[in-house]
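First comes the structure, then the notes that go with it.
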Amino acid sequence: MQRVGFMLKVKPDRIEEYKARHKAVWPEMLQALRETGWHNYSIFMHTDGTLFFYVETPDFKAALEGMAQREVNRRWQEYMKDLFENTGGKPADQSFIMLEEVFHLD
């Protein structure tokens, strides 16, 4: 099982909207994540809007590719795209800053 961490940043004036949207993630989006191998998935937010994502998955590349094939993910990415900084117009799921794991305690 891969443990993966990555980052992205929400625009400061959109933080509350981001939080609200994640309190009501569409059931079909949650199901798609589960079906494509996203497990133990968490999103943490700093007060400045920096997001830290953590997920466990058998294969992160396959999990991303699986979501890219889902229509619900395309709708979700469109719904969320204006909330983020520095994505260069790309969807958030193509704009992650990947983090190297440097320590883990089981």
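Considering (1) part of a strand (DSSP E or B); (2) modelled with pLDDT under 95; (3) not hydroxyl-bearing (S, T, Y), the lone condition that G89 does not fulfil carries the number (1).
Residues checked against (1) over 18 Å from E78 (Cα atoms); (2) among the basic types (K, R); (3) out of contact with any strand residue (DSSP E or B) (no Cβ under 6 Å at 6 or more places or on another chain):
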position: L8; (1), (2), (3): no, no, no
position: K19; (1), (2), (3): no, yes, yes
position: H22; (1), (2), (3): no, no, yes
position: E35; (1), (2), (3): yes, no, yes
position: N40; (1), (2), (3): yes, no, no
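Residues that are in a helix (DSSP H, G or I) and among the acidic types (D, E) within the stretch 92-106 comprise just one, D93. Scanning the stretch 1-26 for residues being out of contact with any helix residue (DSSP H, G or I) (no Cβ under 6 Å at 6 or more places or on another chain), farther than 16 Å from M80 by Cα and not hydrophobic (A, V, I, L, M, F, W, C) gives a total of 2. Filtering the stretch 71-106 to residues that are of a type in the set (A, V, I, L, M, F, W, C) and closer than 24 Å to E56 by Cβ leaves V72, W76, M80, F84, A92, F96, I97, M98, L99, V102, F103, L105. In the stretch 73-88, what residues are farther than 17 Å from W38 by Cβ and of a type in the set (A, V, I, L, M)? Scanning the stretch 73-88 gives a single hit, L83. Contact annotation: residue pairs with Cβ atoms under 7 Å, 6 or more positions apart or on different chains, pairing a residue in the stretch 46-58 that is farther than 18 Å from M98 by Cβ with a partner that is part of a loop (DSSP other than H, G, I, E, B) and not hydrophobic (A, V, I, L, M, F, W, C), are G49/K11.
Among residues that are more than 12 Å from the chain's Cα centre (by Cα) and modelled with pLDDT under 95, T57 is not included.
I'd like to verify a number: residues in the stretch 68-86 that are surrounded by 14 or more Cβ atoms within 10 Å (Cβ to Cβ) and in a loop (DSSP other than H, G, I, E, B), how many? Selection size over the stretch 68-86: 1. The residue that is surrounded by the fewest Cβ atoms within 10 Å (Cβ to Cβ), counting only those in the stretch 21-62 that are of a type in the set (D, E) and in a helix (DSSP H, G or I), is E35.
Filtering A24, A68, A62 for residues that are touching a Gly at 6+ places or on another chain (Cβ under 7 Å) and without any contact (Cβ under 8 Å) to a residue 40 or more places away in the chain leaves a single hit, A62. Going through (1) surrounded by 16 or more Cβ atoms within 10 Å (Cβ to Cβ); (2) among the hydroxyl-bearing types (S, T, Y); (3) over 13 Å from the mean Cα position of the chain (by Cα) one by one, Y18 falls short only on (3).
The values are calculated or read from the model by the stated rules, or taken from the named source; none is laboratory data. Small disclaimer: the values here were computed from a predicted structure and weren't measured. Glycine gets a Cβ as well: all are built from the backbone with ideal geometry, and neighbour counts include every protein chain shown.
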